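A short worksheet on the structure shown next.
The values are calculated or read from the model by the stated rules, or taken from the named source; none is laboratory data. All figures in this text were calculated on a predicted structure; none of them were measured in a lab. Reconstructed Cβ throughout: ideal geometry from the backbone, glycine too, with neighbour counts over all protein chains shown. Heavy atoms of the whole protein, side chains included, go into the accessibility calculation; ligands, DNA and RNA do not. Shrake-Rupley method; radii C 1.70, N 1.55, O 1.52, S 1.80 Å.
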Number of protein chains: 2
Amino acid sequence: MSQTVDRALSILPLLAEGPANLEQVAQRLGVHKSTALRLLRTLHEHGMVYRQRDQRYRLGARLFALAQQAVENLDVREIAHPYLVELNEKCGHTVHLAVHEEHEVLYIDKVESRYPVRMYSRIGKPVAITVAAVAKLLLADLPEAERRTLAEKLDYPLYTPRSTPNAAAFLKELAAVREQGWATDLGGHEESINCVGAPVRGTDGRVVAACSVSAPNVVVTADELLKLLPLVRRTAEAISREYAGRAPSSP
Amino acid sequence: MSQTVDRALSILPLLAEGPANLEQVAQRLGVHKSTALRLLRTLHEHGMVYRQRDQRYRLGARLFALAQQAVENLDVREIAHPYLVELNEKCGHTVHLAVHEEHEVLYIDKVESRYPVRMYSRIGKPVAITVAAVAKLLLADLPEAERRTLAEKLDYPLYTPRSTPNAAAFLKELAAVREQGWATDLGGHEESINCVGAPVRGTDGRVVAACSVSAPNVVVTADELLKLLPLVRRTAEAISREYAGRAPSSP
DNA sequence: GTCCGGCGTTGCAGCATGTGCAACCGTCAT
DNA sequence: ATGACGGTTGCACATGCTGCAACGCCGGAC
């Protein structure tokens, strides 16, 4: 729409391929040297490009700083919330969103079940890290070394007979979760409650959050809850797209 | 220099603080809504900004992709080379540049000593990972869990009586290196050869490479070599600045 | 040492292009 | 229904971007 800006922005992907000098830039843009110079100067003033010793241009530090700041200020909860509400409207059960932070996994959002029977959980509360579906999803994404170290540090309380008993079992479970891209907790925390969850991923594919649907046996059986898996996964993927900024946007 | 581009680029840091709608952007830029709209549209076409469901604007995925591609295509060796040559001209000894790659530490550049006595090493050759100064620098920067796992996997060949004997000693050495920001190898690989090295860091502070100066006892004593430490560190810092794109650039 | 070629830089005249305005539209809340 | 709000469109004006040509600097060739 704006020619000048259009040209200036076209320089960036070009420089991403590697350093280039003024003439190369001008040529690939199809403009006069002086035009390219002014564009590059403006980009330079904003720190978007950097001038090497040999005068060639490269992408600048500001670009990285911006990208980093943007990620930091991205609020998964804000973005995810409408999707969680939608998910709740479709299935009626309790919906959770959780993140991994400082050796803990925390609930950061919750949409209450529309059934009279509700489950106990609170936003900001750490989850049962060895059994919760969301915890498995978040920890399964850690690099192998960190996963092992963490697994060995944890306690494995036997909330129920189906709780994860020890580090070996936990690591095996995490490997499975990592592989399949979803997770469950079938009565591992409270005998009568089941969950299914799926990961929310950022631009780089790393898991930044996890969402889950939970319901007590008295409302739906585990088998029936598992039928919701595709819906949960689609929701998580929609959040991922919006979070990563890839969704098709309207005109 | 270019008003339009200048305004367009000013939008980015503004959006990095968090999502904003058209009017907010227009207001903070001090321009008419329609002007801001056209700028945002252009940015949008290039994927630099993303439009959320609620119509507000955010920084877009392209920005992250660009930043990532740029770091991938950054060639440390190319950037470092002139600095290594300069370092060699100042001290006369063999200068090495190494990176950490796939469980190995590799020499990727070398400037030969100007003294007749030279040391054996080859570009592309893996370094003695448990003793070399550059290896210590690169491994010291790994996250604690990975460092431990790696240290336990390694063999500790006794090249000399001063070689690192085992994982515990190695981890202790890495902790010291991490703390002090430089490393040595005093006869740990070959009895008569000493090295001092310093890390090259990227924008985010992570160590991306390490450079070192090596010299045999017959040319300079270890004490004398250590006197070069400030010079080596300054060189590594200069490379870091250039690599990270922070150096003061000429008009 | 001198010349030459390449590349970045500057000043300028002309007009393409970006600008602000005002009117229009869709949505939401009252 | 009605009004307010925010995004969108078309347009006339002049701003500020464009390409040209001339200049200066550096580095290599001979």
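In the range A:138-163, burial by the other protein chains removes 30 Å² or more of accessible area from A:145, A:146, A:148, A:149, compared with the chain on its own (1.4 Å probe, ligands and nucleic acids ignored).
Measuring heavy-atom accessible area with a 1.4 angstrom probe and counting protein chains only, the residues of the range B:1-21 that give up at least 50 Å² relative to the chain alone are B:1, B:5, B:9, B:16. Taking one quarter of the surface of the convex hull spanned by the alpha-carbon atoms of chain B gives a direction-averaged projected area of 17.1 nm². Taking every DSSP helix (H) stretch of at least 4 residues in the protein assembly as shown, weighting each as -39,500 (n - 2.57) and dividing the sum by the residue count yields a mean residue ellipticity at 222 nm of -14500 deg cm²/dmol. Within the same chain, lysines fewer than 8 places from residue A:33 are excluded, and of the rest, none has a Cα less than 17 Å from its Cα.
Label-to-label distance, residue A:104 versus residue B:32, with points set 7 angstrom from Cα along the beta-carbon direction: 5.3 nm. In this structure the range A:3-70 gives 44 Å² per residue of accessible area when probed at 1.4 Å with all protein chains present. Estimated translational diffusion coefficient (Stokes-Einstein, Kirkwood radius over Cα pairs, 25 °C, 0.890 mPa s) of the range B:1-150: 125 µm² per second.
Applying the Karplus relation 6.51 cos²θ - 1.76 cosθ + 1.60 with θ = phi - 60° to the range A:67-78 yields 3J(HN,Hα) values of 4, 5, 4, 4, 5, 4, 8, 6, 9, 4, 4, 4 Hz, where x marks Gly and Pro.
Residues whose amide H lies under 5 Å from that of residue A:20, counting only those 5 or more places away or on a different chain, are A:57; hydrogens are built 1.01 Å from N in the peptide plane. Counting from the shortest, the label point at residue A:179, 7 Å from Cα toward Cβ, is 4.4 nm from the same position in each remaining copy.
Translational D (Stokes-Einstein, µm²/s) of the range B:3-70 at 37 °C and 0.692 mPa s when Rh comes from the Kirkwood sum over C-alpha pairs? This corresponds to a translational diffusion coefficient of 277 µm²/s. Heavy atoms of chains B and A lose about 5100 Å² of accessible surface on contact, summed over both sides with a 1.4 Å probe.
Averaging the Cα positions of each part gives two centres, and for the range A:120-175 and the range B:73-95 these lie 47 Å apart. Atom-type composition of the exposed protein surface of the range B:56-114 places 45 percent of the accessible area on carbon and sulfur (1.4 angstrom probe).
Applying the Karplus relation 6.51 cos²θ - 1.76 cosθ + 1.60 with θ = phi - 60° to the range B:100-114 yields 3J(HN,Hα) values of 9, 8, 6, 6, 10, 10, 10, 6, 10, 7, 7, 10, 5, 4, 8 Hz, where x marks Gly and Pro.
In summary, the convex hull built on the alpha carbon positions of the range B:111-224 has an orientation-averaged projected area of 7.6 nm².
With r defined as the distance between the Cβ atoms of residue B:89 and residue B:152 and R0 fixed at 35 Å, what FRET efficiency is calculated, to the nearest 0.05? Approximately 0.25, to the nearest 0.05. Within the accessible area of the range A:176-234, the carbon and sulfur atoms contribute 51%, probe 1.4 Å, all protein chains present.
Considering only alpha-carbon pairs that sit under 8 angstrom and 6 or more positions apart, the relative contact order computed for the range B:98-251 is 20 percent. A point 7 Å from Cα along Cα→Cβ stands in for residue A:224, and the other copies hold the same point at 8.6 nm, listed in rising order. The separation of the range A:1-17 from the range B:1-49, counted between C-alpha centres, amounts to 15 Å. Which one, B:88, A:210, A:3, is farthest towards the positive end of the dipole of the protein assembly as shown when Lys and Arg carry +1 and Asp and Glu -1 on their Cβ? Projecting each Cα onto the dipole axis, the largest value belongs to A:3.
With its label point defined 7 Å out from Cα along the Cα-to-Cβ axis, residue A:115 lies at 8.0 nm from the matching points of the other copies, in increasing order.
Phi-derived couplings, Karplus 6.51 cos²θ - 1.76 cosθ + 1.60 at θ = phi - 60°, listed residue by residue for the range A:215-224: 7, x, 3, 5, 9, 9, 6, 4, 4, 5 Hz, with x used for Gly and Pro. Take the Cα of residue A:23, step 7 Å toward its Cβ, do the same at residue B:17, and the gap between the two points is 4.4 nm. Probing with 1.4 Å while keeping every protein chain in the model, the per residue accessible area of the range B:74-244 equals 46 Å². The mean count of C-beta atoms from other chains within 10 Å of the C-beta of residues in B:79-88, rounded to a whole number, is 1. Among the lysines of the range A:74-244, pairs at least eight places apart or on separate chains and with Cα atoms under 16 Å apart come to 6.
In this structure, the amide hydrogen of residue B:193, modeled 1.01 Å from its nitrogen in the peptide plane, lies closer than 5 angstrom to those of B:187, B:217, counting only residues at least 5 positions away or on a different chain. Take each peptide in A:187-199, B:143-155, B:2-14, count the other Cβ atoms within 10 Å of every residue, and average; sorted highest first, the result is A:187-199, B:2-14, B:143-155.
Which values of log₁₀ I(q)/I(0), to two decimal places, follow from the Debye formula for the protein assembly as shown at q = 0.08, 0.13 Å⁻¹ with a uniform point scatterer at every Cα? Result of the Debye calculation: -0.67, -1.17.
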